[in-house]
Every structure is written in structure tokens, then in C-alpha cells.
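The values are calculated or read from the model by the stated rules, or taken from the named source; none is laboratory data. Only a predicted model underlies this, so the values are computations on that prediction, with no experimental measurement involved. No Cβ is skipped: glycine too gets one built from the backbone with ideal geometry, and neighbour counts run over all protein chains shown. Quick note on the areas: whole protein, heavy atoms, side chains included, nothing else; ligands and nucleic acids left out. Shrake-Rupley method; radii C 1.70, N 1.55, O 1.52, S 1.80 Å.
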Amino acid sequence: MTIEPLAQSGSNLIHERFCDYEDRFRRITLRSPGRFMNRQWELVQADTTERLNLYTSIVDQTEIDIRSLLEDRVADDALWTAAKTDYADRIAGMDDRELAETFFNSVTRRIFGTVGVNRQIEFVHDDRQPASPCPTESVFKTYPLTGAIEPVVRKILSDYSDLKIDYTALEKTMPRIVKRVEKRLGEMNDPTQPVRVEMIRHIFYRGQGAYLIGRVVAGKKIVPLAMALLNPSEGVVVDALLLDSDGLSIVFSYTRSAFHVTVETLCELVGFLKSIMPAKPEAEIYSAIGYFKHGKTVLYQDVCRHTAECTDGRFRISPGKRGMVMVVFDMADHEMVVKLIRDRFDTPKKTTRRKVIEQYDFVFNHYRVGRLIEAHTFEHLSFDRCWFSDDLIDHLTAEAGQTVHLIDDRVIIDHAYLERRVTPLDIYLKEQTNPKAKAAVVDFGNAIKDLAFANIFPGDLLLKNFGVTRHGRVVFYDYDEIVPLTTCRFRNIPQARSYMEEMADEPWYAVGEDDVFPEEFSRFLGLSPGHRELFLSQHADLLAPDFWIKAQDEIRSGHIRHIRPYHPRYRL
């Protein structure tokens with residue numbers, strides 16, 4: 001075979017694998033309506049895991065097949081340049097062309113172990129435009145709002161034919177729905193403009209919830225309109241109504257597993273969602289609807305664009321207490337932080353580099369309910385040296401020299417995690433006014449409980465291992481000691497048999513590797529006396545084994561608790 005036909009064969013193979021990925025992704029997604037209506041919650045989580053691992057599985061197989069096809073020419077730059085050109089022709093005009101390009105790049109990076117970006121054989125868009133905020137009606141259906149609100153709401157619900165609405169329950173909640181929509185319309189404050197509701201045609205499914213996502217449009221003003229549905233045994237009910245971007249942004253949070261939603265035109269769907277959550281980065285929107293790899297691509301493009309455009313900022317060590325396992329740095333005016341595994345871990349940490357990576361993989365694959373930050377794994381990052389001060393370079397090479405290398409004028413990072421920036425909880429409680437600090441203290445306990453019912457025990461419950469999002473929600477981000485809750489053995493501390501035992505430096509009782517003593521938690525939380533009193537008034541049950549054992553029993557019984565992704569004030 002000459003180079004050109006071989007390049008075409010390689011391009012065709014990658015294109016076929018991408019089409020296979022899309023087909024299988026869609027088939028998993030299409031199970032969601034049946035899972036929801038039949039209340040098959042265990043299968044919902046199984047589908048989530050299957051779809052999450054689908055991309056890597058297919059890229060793995062594609063790499064094997066490409067190496068077999070190309071043999072000794074597998075690293076031929078000229079061949080791959082020709083393959084890229086042929087592949088571009090194959091995907092031209094596709095609605096999801098960007099996804100196809102990301103897939104091609106994933107394969108080339110596997111083959112070449114690319115450091116930074118290889119523009120010759122990768123698809124790179126320095127001038128990438130954001131998704132359009134004006135999608136076509138292939139994405140949504142329009143409902144003119146010219147009179148009473150109730151008939152429009154009923155029409156919207158009836159048009160989603162997959163749902164079996166409990167109309168008895170709807171009669172009770174309808175007045176509240178109407179009242180809240182009327183109030184929001186009044187706040188839009190432009191009676192001269194015609195008003196319409198635009199609802200995305202397909203339902204968003206996740207966990208035990210289904211979500212109808214839309215927007216109210218009056219002239220140039222746009223506000224979200226989202227109905228959160230549950231399916232108890234009596235039939236589908238509208239549990240909550242969200243009419244503001246902040247509330248909806250939390251539903252689409254980077255701390256949650258992805259929605260399952262049928263996508264016809266991806267860029268237009270992303271544009272619609274961006275129009276009702278303008279503060280949410282596009283990368284997070286892609287991830288929130290299941291396209292994690294492309295979300296990662298968009299995130300990297302955003303970071304590169306930011307460093308190219310920024311004229312007065314450099315990377316810095318992130319604020320907060322020094323981590324025992326990770327080095328964390330960021331750029332002050334960007335929302336992401338970069339985490340690197342240290343070469344050596346401080347005492348008393350007894351973990352290993354491999355174990356830390358496994359912990360992050362565990363979090364990626366676990367069903368997330370709003371308390372675990374999404375960590376994007378990157379390999380072979382390359383940054384311009386000018387973005388690092390000499391002090392930062394010295395610190396990174398001293399603490400993570402196995403990961404960070406200097407090559408000419410570039411800083412090469414072999415392995416890193418990029419996460420959304422949050423304020424460490426210990427810093428937040430010192431900086432915030434009393435009402436916000438008190439709310440965070442209470443939500444700290446809520447976060448621990450949500451994690452428990454999702455079969456997660458954080459290991460370290462120190463304040464510095466938790467953070468507060470821009471919406472004031474407490475989340476967990478220190479994963480090096482995270483374990484499934486069901487692997488722990490929760491115990492009371494045995495009573496000392498003598499004063500000498502009680503005052504001894506070492507415990508007077510045997511402690512197994514998986515033993516946890518909840519009554520010790522209060523000594524390690526690090527709360528001020530006032531905050532500790534507030535915490536215990538709401539969450540004293542966390543300091544006794546009973547809570548934890550009951551949570552374990554619930555998980556082992558197969559019961560899956562629904563943890564709502566919205567504040568109680570949105571409920572009907």
C-alpha cells in the first residue's frame with residue numbers, strides 16, 4: 001500500500017470507531033425514559049457507569065487496531081497528516097464535527113504520546129467560537145404566553161408523551177407553579193414585549209429525577225424555566241420549579257454525574273443551555289450532558305486562550321494550607337486550579353502515587369450526587385515558561401520533580417488534575433460574615449451525610465479538605481483517603497479499664513485498618529467553639545456509629561436515596 005491509501009484506511013477506521021461510539025452512547029441514553037418510568041434506579045447507575053467508560057474503551061480498541069493496521073508506519077508524521085486531511089473531509093458538515101475531531105485527537109495522542117499540542121496531526125482551533133445562544137427550533141418547542149399561564153403549563157407537560165403525570169398531584173401544585181411564574185414574569189418588567197416559553201424537546205434524566213428544561217423569552221430578556229420531576233408509585237409529579245440561573249447552575253453542577261438526554265444538534269443544545277446559565281463555562285455544560293472528553297478539550301482550549309490573552313497574571317501557589325499529597329497552583333483570575341502529586345508525602349500519610357491515581361479514578365467512576373468536584377486528568381501539558389515565577393518553578397520541581405520538567409522555554413507537566421476553584425472551607429469560615437459562615441457550617445454536615453448515602457467516606461474530615469462553591473455549597477476535593485463507606489467498620493471507643501489506660505499515649509484497644517471511631521471527629525474538625533456548637537446542634541448524629549451503620553445497611557439493602565440537586569425553596 002502507498003502512503004495515501006494507508007492514510008485513508010486509518011482515517012476510515014477512526015471514523016468508523018467514532019460512529020460506533022456515538023451509536024452506543026445514544027443507545028445507552030435512550031434507555032433512560034424506560035428506567036425512569038419503571039423506577040429502575042440500580043440500572044440507572046449501571047447505565048451511568050457504562051456510558052462513562054464507553055469513550056475510553058473504544059479509544060483503547062481503536063489504538064490497538066490502528067497499530068495493527070499501520071504497523072511500522074504507525075508513527076509516520078506524513079501519513080498522519082494525510083489521514084487528518086482525509087478525516088476532515090469525512091466529518092465535514094456533521095453537526096457534531098467537534099466531537100469527531102476530539103476523538104481523532106485522542107487516538108493520535110495515544111499513538112505519539114504528544115506533549116502539548118501537535119498542530120500537524122491534531123485538530124486545533126485557536127479561534128473557536130462559543131456555541132450559538134440562538135439555536136433553531138430543532139432543539140426546542142415554542143409556547144406563546146399570551147394569556148393564562150396554567151393552560152401553557154398543562155400543554156408543556158402533555159407534550160412530553162413519555163411521562164405518565166399524576167394529575168391529582170398536579171392539581172395541588174398547579175396554583176404554586178402559576179404563582180411563581182407570574183411573579184417571575186413581573187420581575188422581567190417589560191409588558192410591551194411578547195412573551196414565549198421555549199422548552200428543549202427532550203427530557204434530561206439523571207438518577208431518580210427527570211428535568212424539563214426551557215426558558216422564558218421577552219424581547220432580549222431570557223430567564224430559565226425548569227421543572228424537576230420525580231416518579232413515586234402514584235405517577236410522575238412536578239417536585240420543583242426553577243426560574244433563576246443560579247439554581248439551575250447547581251442542578252448542572254460539576255459536582256454531579258452527567259445527565260442522559262437525547263441530542264439532535266449538540267452545539268445548538270449547548271448554546272441553549274449557555275443562554276440560561278451564562279456564568280457556566282461551556283466545558284462544564286459538555287460534561288454535564290455526558291461529553292466529558294470534549295468538555296476536557298474545551299477546558300484546555302480555554303486555559304490556553306486565557307494564558308495567551310492575560311497580560312498581568314502568572315500561575316501562583318493556591319491559597320490555603322499546604323497539602324500533604326498534592327501541590328496546587330492556579331492563576332488568580334481563572335476559575336481552574338492545577339493539582340500535581342508530590343514526589344514524597346508528609347507524615348502521617350502512607351499512600352503511594354499509584355494509590356492516589358486510583359483514588360481519583362474511583363471518584364471519576366463513582367456516581368456523584370453534588371459533593372465531589374469533577375477532576376479532569378491531563379497528561380503531557382506544556383506551558384510557556386513565562387507564566388511561572390522562578391520561585392514557583394523551584395517549588396514545583398522540588399516538590400513534584402517526577403512530574404514537572406523544563407525543556408527549553410516550556411514547562412512540561414506529565415500528569416495533572418484540573419479542577420474548578422473553590423474557597424477552602426477553613427478560609428471561608430474566617431472571611432465570611434456570620435450568616436454565610438453559619439450556612440456553610442450546617443452545609444458541611446449536610447455534605448458529609450450526602451457523601452455517606454452515596455457510599456463515600458472522605459477519610460479526612462478536616463475543614464481544609466472541603467471547599468465552598470460560588471453558590472455557597474460545601475464540596476469535598478481531597479481524594480487521597482476516600483473509600484467506599486461500606487468498607488469501613490464504625491465503632492465506639494471502648495471504655496478505659498483504668499486511669500493509666502485513659503492517659504496513655506497509645507490507644508488501650510486494638511484498632512483495625514478499616515476501623516473508624518466517629519466520636520473522635522469533633523476533635524479533628526477544626527471548628528471554632530461557636531461553629532462547633534452550631535454543627536453539633538444540627539449534626540450530632542455524625543459523632544456516633546449508629547448513623548454510619550444505618551447508612552451502610554441502607555446501601556447494602558440496595559436502596560438508593562434520591563439526593564435532590566436543588567434547595568428546598570424550589571420545591572412545590
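Overview of values
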| quantity | calculated |
| --- | --- |
| Where GluC sites (Glu not before Pro) fall in DSSP loop in segment 513-557, at most 16 other Cβ within 10 Å | E513 |
| Label-reachable residues, segment 1-39, where backbone N falls under 14 Å from a point 7 Å from D72's Cα toward its Cβ | 1 |
| Coil-residue trypsin sites (Lys or Arg not before Pro) of segment 145-176, DSSP, other Cβ within 10 Å capped at 14 | K164 |
| At R0 = 45 Å, FRET efficiency that the Cβ-Cβ distance of T85 and H395 yields, to 0.05 | 0.55 |
| Magnitude of the charge dipole, the chain, Cβ model with Lys/Arg +1 and Asp/Glu -1, debye to 20 | 2100 debye |
| Rounded Å value of the spacing that divides the Cα centres of segment 528-548 and segment 456-506 | 13 Å |
| Average projected area [Cα convex hull, segment 422-521], square nanometres | 8.0 nm² |
| Residue-normalised accessible area of segment 346-439, given per residue in Å² at a 1.4 Å probe | 48 Å² |
| Residue (of Y570, Q552, L527) at the positive-pole extreme of segment 475-572, dipole from beta-carbon charges | Y570 |
| Estimated FRET transfer efficiency (R196, D95; beta-carbon r; R0 22 Å; 0.05) | 0.35 |
| Rounded to the nearest 20 debye, dipole of segment 184-288 from Cβ charges on Lys, Arg, Asp, Glu | 140 debye |
| Sum of -39500 (n - 2.57) over DSSP H runs of 4+, divided by residues of the chain (222 nm, nearest 500) | -14000 deg cm²/dmol |
| Between segment 335-382 and segment 550-571, the alpha-carbon center distance in angstrom | 26 Å |
| Per-pair calculated FRET efficiency, R0 = 22 Å: V483 and N365 via Cβ, rounded to 0.05 | 0.95 |
| Whether segment 169-288 is rounded, prolate or oblate, judged on the alpha carbon gyration tensor where a/c under 1.5 counts as rounded | oblate |
| Segment 170-227, dipole about Cα centre (Lys/Arg Cβ +1, Asp/Glu Cβ -1), debye to the nearest 20 | 120 debye |
| Residue pairs, from the table K164/K221; K280/K464; K141/K183; K183/K221, whose Cα atoms sit over 27 Å apart | K164/K221 |
| Kyte-Doolittle mean at least 0.0 and Cα axial length at least 24 Å: DSSP H helices in the chain | 434-453 |
| Percent carbon-and-sulfur accessible area, segment 225-318, ignoring ligands, DNA and RNA, probe 1.4 Å | 52 percent |
| Charge tally in the Cβ shell below 13 Å around R51, where Lys, Arg are +1 and Asp, Glu are -1, R51 excluded | +3 |
| Among 188-194, 547-553, the order from most to least packed when residues are scored by Cβ within 10 Å on average | 547-553, 188-194 |
| Normalised contact order of the chain, rounded percent, pairs of Cα under 8 Å and 6 or more residues apart | 12 percent |
| Given charges at Cβ of Lys, Arg, Asp, Glu: the chain dipole, positive-most of A46, Y300, S249 | S249 |
| Alpha-carbon centroids, segment 389-448 and segment 61-120: separation in whole Å | 34 Å |
| Per-residue HN-Hα couplings for segment 333-347 [Karplus 6.51, -1.76, 1.60; θ = phi - 60°; Hz; x = Gly/Pro] | 9, 10, 7, 9, 10, 10, 10, 10, 6, 5, 5, 10, 9, 5, 5 |
| Extension gain from D333 to R176, taking 0.36 nm per residue of separation minus the Cα-Cα distance | 52.4 nm |
| Difference of contour (0.36 nm per residue) and Cα-Cα distance, R314 to D515 | 68.0 nm |
